[in-house]
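This report concerns only the one structure given below.
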Number of protein chains: 2
Amino acid sequence: MAAAILKLYSLAKPTIGPVIENGFYYDFDNLTISDSDFPKIEKEMKSLVKSWTSFEKIEVTADDAKKTFKDNPYKLELIEELEKKGEKITLYESGKFLDLCRGGHIDNPKDIKYFKLLSIAGAYWRGSEKNKMLTRIYGTVFPTQKELDEYLKTQEEAEKRDHRKINKQLKIYMASDDIGQGLITLLPNGAAIAQELEKWAIETENKWGYVRVYTPHIVPEKLFKTSGHVPYYVPSMFPPMRMSEKDKEDNEIYYLKPMNCAGHHMVYKSEPRSYRDLPLRIAEYGAVYRFEQSGELLGMMRVRGPIHQNDAHIFCTEEQAEEEFQKVMELHEYYYNTLSITKKDYFLSFATRDPKNKDKYTGDDAVWEKAEKIALKYIEKTGIPYKTEVGGAAFYGPKIDFNIKTVTGKVFSASTNQLDFFLPEAFGLTYIDKDGKEKTPVCIHRAPLGAHVRFIAFLMEHFAGNFPTWLTPVQVKVLPITERHLNYAKKVADRLKEEGIRVELDERNERLQAKIRDAQFEKVAYMLIVGDREEKEGKVAIRKRNGEDLGAKKLNEFASTIKKEIEEKSII
Amino acid sequence: MAAAILKLYSLAKPTIGPVIENGFYYDFDNLTISDSDFPKIEKEMKSLVKSWTSFEKIEVTADDAKKTFKDNPYKLELIEELEKKGEKITLYESGKFLDLCRGGHIDNPKDIKYFKLLSIAGAYWRGSEKNKMLTRIYGTVFPTQKELDEYLKTQEEAEKRDHRKINKQLKIYMASDDIGQGLITLLPNGAAIAQELEKWAIETENKWGYVRVYTPHIVPEKLFKTSGHVPYYVPSMFPPMRMSEKDKEDNEIYYLKPMNCAGHHMVYKSEPRSYRDLPLRIAEYGAVYRFEQSGELLGMMRVRGPIHQNDAHIFCTEEQAEEEFQKVMELHEYYYNTLSITKKDYFLSFATRDPKNKDKYTGDDAVWEKAEKIALKYIEKTGIPYKTEVGGAAFYGPKIDFNIKTVTGKVFSASTNQLDFFLPEAFGLTYIDKDGKEKTPVCIHRAPLGAHVRFIAFLMEHFAGNFPTWLTPVQVKVLPITERHLNYAKKVADRLKEEGIRVELDERNERLQAKIRDAQFEKVAYMLIVGDREEKEGKVAIRKRNGEDLGAKKLNEFASTIKKEIEEKSII
């Protein structure tokens, strides 16, 4: 690519051009081009590559290299650095093209056939904004046309489905350094989805025998010492709040909670428990915060907070643990089926302790062995394929994670099911068994809908923004054909609002086509177009977001159809 | 009282006996009595007081005083302290009773007629646990029998209704130093109430045109500087979290939010706004934290957190402000009426800036005058009586508070309605008006259900724990007469659970009377007693928590009655 650029744009100055994941880029100074120049450059690349016979390595002294690149200050800077470090300096030559290069090439340049230039971006020299802005050209190359095509198609799909891109249309969330790095605000559309998920989880888990609590978002250090979060989990926690700054007498130190475990164990402990009380399933829509490195943050997929979790801790006897664990797997299945998440969309991982790194975990060997054995038995019973991930366990026990992939190919844990023999003991939890003896319960940690922000991001990509109606932020938009129909449109909107449907009215003085285009862009589930005829007949003309025209129906008929669709959580 | 005690228990040693709010106490060493001795003591007090003619003051030297109290080490310690401080030492004598006393008595001992001993408690000498435990006797006295009776009746009522006492029966919340001073955990019964309130607020405010958001619980210092929370509100905030402790490059400082204002202003600012978007009513069930002095904490009434607030900020034009403000008052009325909170249960306060202490507030005089004038106009329009509270304003504007009284007579702000001309300007919020000009919106801060923990505490006292059925944590308890009826009882419970009713089953092998007694103690709304006849006829025998017997009804009939009662939020 660099050779082609130099042939076509003789004033351009090549700087650095490395290989990256799935392709390459090259940064140029003194080059002004656009995407529309790509075909011309690609043509030149094809022609050049055909004429090349090899990548010829030439080892040179720093002085020789400086002479060769005397007109290119960027290359000169690189050469001087290599010289200082005492490294060998190599050039590579192909045809008439000579570049400073560390080397590592394929044998025959003629094999470079299936490539494509992808995009142009601005980039500072050496990544520092103090330096000059250069022109970066991205490209990719594959051994076969088929692989290139597949990659391009996946990329195209991915770009469209990336939750950060969909967010521009749907306005689900807001993130900015002004409100804090990695901190997410759910805008009204995102809040609507979060609320639906929360409502669903509450209803479902009420039926499945859970009770709910609200615990504080901050936890005293002493409790986190009991739980083992201090010291094991401190690197993933926000910095502490020291009460002595408020009151010299008060030496409490609080941490923003990264998990709800401590609070739920304290709820268990608030009363004497008997075997009759077990299993005790304590659920909370708790908001937790975690410290992630700024470079790791990714949209709503990896955030610092607030991480609203559909969380629960199930306290049970050891005999009940297997059935409870199984039930959690079934609960996952129910949630996933309802959302049309199939086994091709996720895989299980069985995260065990790293036996070479035992100081990262609490508890003794015998209990770890027991916990891992039991967890593995349960996983195998589910019949779902799994991968073992040595060293991925929580500090208090093995984890079974449900992992999902983002459209850009990154893997995230969507939810978890953990078997814990440690924390109940650490907190001194007990129950009186049938035989009158005091025993320690087992704890299952689970959060089938995971962190809501991550789950919503996953659903945005899973549905490409076309949520099932019950989750669609704006379920109906009423579009009056002209201002004359505004009154009837208002009546339609009010009627649906009364039914609890999320409806908006497009009151703008715009042409119908513009209103339809905007509503489709916002991915509203149904557009109701109302004009003279609809008003006269008490009807609405129904259009789906994919453009499908469902014709005119009585308003009441539409209302009951959409209500049924919402109640049944239909996938449309 | 001390004279009577000494006459009856000659070995008792009097120590200190001060006046307190609504009465007095006296601490004795070497005295072992119980409540049942009160009548005897009171009788002796009556007889003594009749024989007394005066409280005679005797000024003495320290040496003389020491001689007088040579057998009482407590009095000797007090005398030595007075001596050290160089204070006058006075004794008072009535009849044969002589005590060390600073003085301040009524003229005639014979006027002491209407008194009552109230309780006994243990108390350390000088309040230090290093000292000996003494016996403290509390009593009260009033000028008339009527006042005494009224006080005793109020106390009796209050004691029963105190939310901390009701909590022992209903298990609404948990608070302990282990989970942090002033930090509240809502147990399943409390969570059920909080969820009902939240659901109600969401449904209601959807209908009233609010949108909802989720904002982070932590806010960077820079945003709180913009809002003015730093410096004005810092004393009421938790200590900061310094990110530099995690990452040297990161100099962000976060505070746990004490209010949702900053987040909601940022949501407004996330998009360009036009007059068409206003009023924009942004609501959140936000959890905030405030630093309260430990001595000020009181059950769920005054806590440090989490304070889940039914909060919202209404952004509107100045012309819309009056109508929006009025609507907030109406929303309060709707909420209060539904909960049978009448005008005798609350009063309004109009909290203004303290003009002598202007540095506690942001903004300039002209805007404060305008804001206070408008707020006052709106209050007067409502016709509800109000008190003006100079200096009670928020730092950003005048407040209208809805104040409630606890059963123990303490006044708390239950909710608030605030008019704010400052924050929108501080955050640089704008909208494009009809005339194409950029203008600054007005903000109304409001939280009609206030802090949920405080509101729930108020409702516990308001209903004396007998919540309307929709808010009752356990709405139905099924009581099988014998183990033989357990199967049918389960069917009854399952059927009601399916309808979304919160139901429990008493599976214990106890006598029916014990089951009824316990269910009444827990204040469940309905007990369903099932035996042979009920099972045969598909019926349930219904009993209310006040003991009223509603007879046997078909299960379906009961289900639809209670569902209607819940849906209509009936006061029963």
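Inside region B:280-327, can you point out the residues that are farther than 22 Å from B:Val453 by Cβ and not acidic (Asp, Glu)?
Across region B:280-327, the qualifying residues are B:Leu280, B:Arg281, B:Ile282, B:Ile314, B:Phe315, B:Cys316, B:Thr317, B:Gln320, B:Ala321, B:Phe325, B:Gln326, B:Lys327.
Determine the pairs where a residue that is more than 12 Å from A:Leu528 (Cα to Cα) and modelled with pLDDT of 95 or more, located within region A:474-494, has a partner that is among the basic types (Lys, Arg) and crowded, with 20+ Cβ neighbours inside 10 Å with Cβ atoms under 8 Å apart, the partner being 6 or more residues away or on another chain.
If the second residue must be among the basic types (Lys, Arg) and crowded, with 20+ Cβ neighbours inside 10 Å, the pairs left are A:Val474/A:Arg502.
Do you know which of the residues in region A:286-303 that are charged (D, E, K, R) and touching a helix residue (DSSP H, G or I) at 6+ places or on another chain (Cβ under 9 Å) is farthest from A:Trp208 (Cα to Cα)?
The qualifying residue farthest from A:Trp208 (Cα to Cα) is A:Glu292.
I need the full set of residues from region B:291-302 which are touching a strand residue (DSSP E or B) at 6+ places or on another chain (Cβ under 7 Å) and within 11 Å of chain A (Cβ to nearest Cβ), in order please.
Hit for region B:291-302 is B:Glu292, nothing else.
Restricting attention to region B:245-258, which residues are at the interface with chain A (Cβ under 8 Å from one of its Cβ atoms) and not in a loop (DSSP other than H, G, I, E, B)? Outline the logic, then answer.
First pass over region B:245-258, keeping only residues at the interface with chain A (Cβ under 8 Å from one of its Cβ atoms): B:245-247, B:250, B:252, B:254, B:256.
B:Glu245, B:Tyr254, B:Leu256 - these are the residues of region B:245-258 that are at the interface with chain A (Cβ under 8 Å from one of its Cβ atoms) and not in a loop (DSSP other than H, G, I, E, B).
Scan A:Ala451, A:Ala414, A:Ala457 and give me the residue that is crowded, with 22+ Cβ neighbours inside 10 Å and out of contact with any helix residue (DSSP H, G or I) (no Cβ under 7 Å at 6 or more places or on another chain). Break it down into steps so the answer makes sense when it comes.
Details: A:Ala414 fails: out of contact with any helix residue (DSSP H, G or I) (no Cβ under 7 Å at 6 or more places or on another chain); A:Ala457 fails: out of contact with any helix residue (DSSP H, G or I) (no Cβ under 7 Å at 6 or more places or on another chain).
Going through A:Ala451, A:Ala414, A:Ala457 in turn, the sole match is A:Ala451.
Is it fair to say B:Arg517 is buried (at least 19 other Cβ atoms within 10 Å of the Cβ), of a type in the set (Lys, Arg) and within 25 Å of B:Ile193 (Cα to Cα)?
Judged against the criteria, B:Arg517 is not a match.
Would you confirm, using the coordinates I've provided, whether A:Glu271 is more than 31 Å from the chain's Cα centre (by Cα), away from chain B (no Cβ under 13 Å) and without any contact (Cβ under 8 Å) to a residue 24 or more places away in the chain?
Here the answer is no, as A:Glu271 does not meet what is asked.
Of the conditions (1) outside any strand (DSSP E or B); (2) among the small types (Gly, Ala, Ser); (3) surrounded by fewer than 14 Cβ atoms within 10 Å (Cβ to Cβ), B:Ser119 satisfies every one except a single condition; which number is it?
Tallying (1) outside any strand (DSSP E or B); (2) among the small types (Gly, Ala, Ser); (3) surrounded by fewer than 14 Cβ atoms within 10 Å (Cβ to Cβ), B:Ser119 fails exactly one: (1).
What tally of residues in region B:290-309 results from selecting those that are over 18 Å from B:Ala191 (Cα atoms) and not charged (D, E, K, R)?
Residues in region B:290-309 being over 18 Å from B:Ala191 (Cα atoms) and not charged (D, E, K, R): 6 in total.
Mind telling me which of the residues B:Ser54, B:Ser47 ends up being surrounded by fewer than 17 Cβ atoms within 10 Å (Cβ to Cβ) and closer than 20 Å to B:Gln145 by Cβ?
B:Ser47
Restricting the first residue to region A:108-121 and requiring it to be of a type in the set (S, T, N, Q), which pairs with a second residue that is modelled with pLDDT of 90 or more meet a Cβ separation below 7 Å and a spacing of at least six or different chains?
A:Ser119/A:Tyr138
What are the pairs with Cβ atoms under 7 angstrom where one residue, in region B:7-18, is farther than 17 Å from B:Tyr138 by Cβ and the other, located anywhere, is exposed (fewer than 15 other Cβ atoms within 10 Å of the Cβ)? Sequence gap at least six, or different chains.
Between residues of region B:7-18 that are farther than 17 Å from B:Tyr138 by Cβ and residues that are exposed (fewer than 15 other Cβ atoms within 10 Å of the Cβ), the close pairs are B:Leu8/B:Lys40; B:Leu11/B:Asn30; B:Lys13/B:Asn30.
Of all residues in region A:486-506, which are in contact with a strand residue (DSSP E or B) (Cβ under 8 Å, 6 or more places away or on another chain) and either more than 21 Å from A:Leu471 (Cα to Cα) or away from chain B (no Cβ under 14 Å) (or both)?
A:Leu486, A:Tyr488, A:Ala489, A:Lys490, A:Val492
For region B:139-174, give me each residue that is in contact with a helix residue (DSSP H, G or I) (Cβ under 6 Å, 6 or more places away or on another chain), closer than 19 Å to B:Leu297 by Cβ and hydrophobic (A, V, I, L, M, F, W, C).
Correct list: B:Ile166, B:Ile172.
In region B:274-283, how many are in contact (Cβ under 8 Å) with a residue 40 or more places away in the chain, surrounded by fewer than 24 Cβ atoms within 10 Å (Cβ to Cβ) and out of contact with any Ser or Thr (no Cβ under 6 Å at 6 or more places or on another chain)?
The number of residues fulfilling the criteria is 6.
Would you mind finding the one in B:Pro240, B:Pro235, B:Pro220, B:Pro231 that is under 30 Å from B:Lys358 (Cβ atoms), facing chain A (nearest Cβ under 10 Å) and either in contact with a Cys (Cβ under 9 Å, 6 or more places away or on another chain) or free of Cβ contacts under 8 Å to residues at least 24 places away in the same chain (or both)?
Exactly one of B:Pro240, B:Pro235, B:Pro220, B:Pro231 is under 30 Å from B:Lys358 (Cβ atoms), facing chain A (nearest Cβ under 10 Å) and either in contact with a Cys (Cβ under 9 Å, 6 or more places away or on another chain) or free of Cβ contacts under 8 Å to residues at least 24 places away in the same chain (or both), namely B:Pro240.
Is there a residue in region A:329-346 that is touching a Lys or Arg at 6+ places or on another chain (Cβ under 7 Å), away from chain B (no Cβ under 13 Å) and closer than 30 Å to A:Ile172 by Cβ?
For region A:329-346, residues touching a Lys or Arg at 6+ places or on another chain (Cβ under 7 Å), away from chain B (no Cβ under 13 Å) and closer than 30 Å to A:Ile172 by Cβ: present.
For region B:308-332, which positions are in a helix (DSSP H, G or I) and aromatic (Phe, Trp, Tyr)?
Residue satisfying the conditions is B:Phe325 alone.
Of the numbered conditions (1) in contact with a strand residue (DSSP E or B) (Cβ under 9 Å, 6 or more places away or on another chain); (2) β-branched (Val, Ile, Thr); (3) closer than 30 Å to A:Lys360 by Cα, A:Thr226 fails exactly one; give the number of that condition.
Condition not satisfied by A:Thr226: (1).
Failed condition for A:Val442, given (1) buried (at least 21 other Cβ atoms within 10 Å of the Cβ); (2) under 28 Å from the mean Cα position of the chain (by Cα); (3) modelled with pLDDT under 95, with all others met?
Among (1) buried (at least 21 other Cβ atoms within 10 Å of the Cβ); (2) under 28 Å from the mean Cα position of the chain (by Cα); (3) modelled with pLDDT under 95, A:Val442 violates only (2).
Given the residues B:Asp64, B:Asp35, which is the only one that is over 18 Å from B:Ile16 (Cα atoms), without any contact (Cβ under 8 Å) to a residue 40 or more places away in the chain and not basic (Lys, Arg)?
B:Asp64
Residues that are under 24 Å from B:Val211 (Cβ atoms) and at the interface with another protein chain (Cβ under 8 Å from one of its Cβ atoms), at least 1 per element: which helices (runs of 4 or more DSSP H) completely within region A:143-217 meet that?
Once the helices (runs of 4 or more DSSP H) in region A:143-217 are filtered for at least 1 residues that are under 24 Å from B:Val211 (Cβ atoms) and at the interface with another protein chain (Cβ under 8 Å from one of its Cβ atoms), what remains is A:188-207.
Are there any strands (runs of 3 or more DSSP E) wholly within region B:376-428 with 3 or more residues that are under 26 Å from B:His265 (Cβ atoms), and if so which? Give the derivation first.
Details: elements: B:386-390, B:399-405, B:411-420.
Filter on region B:376-428 gives B:399-405, B:411-420.
Would you pick out the residues in region A:514-567 that are among the hydrophobic types (A, V, I, L, M, F, W, C) and assigned to a helix (DSSP H, G or I)? Spell out the reasoning first.
Step one: list which residues in region A:514-567 are among the hydrophobic types (A, V, I, L, M, F, W, C), which gives A:514, A:516, A:519, A:521, A:524-525, A:527-530, A:540-542, A:550, A:552, A:555, A:558-559, A:562, A:566.
Selection gives A:Ala514, A:Ile516, A:Ala519, A:Phe521, A:Leu555, A:Phe558, A:Ala559, A:Ile562, A:Ile566.
Output yes when any residue across region B:286-307 is surrounded by 17 or more Cβ atoms within 10 Å (Cβ to Cβ), outside any helix (DSSP H, G or I), in contact (Cβ under 8 Å) with a residue 12 or more places away in the chain and among the hydroxyl-bearing types (Ser, Thr, Tyr), and no when none is.
Yes, there is a match, as at least one residue in region B:286-307 is surrounded by 17 or more Cβ atoms within 10 Å (Cβ to Cβ), outside any helix (DSSP H, G or I), in contact (Cβ under 8 Å) with a residue 12 or more places away in the chain and among the hydroxyl-bearing types (Ser, Thr, Tyr).
Table: residues versus (1) within 21 Å of B:Arg126 (Cα to Cα); (2) at pLDDT 95 or above.
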| position | (1), (2) |
| --- | --- |
| B:Ile41 | no, yes |
| B:Met45 | no, yes |
| B:Lys57 | no, no |
| B:Leu82 | yes, no |
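The values are calculated or read from the model by the stated rules, or taken from the named source; none is laboratory data. If you're wondering where the values come from, they're calculated on a predicted model, not measured in any experiment. FYI the Cβ positions are ideal-geometry reconstructions off the backbone, even for glycines, and counts take in every protein chain you see.
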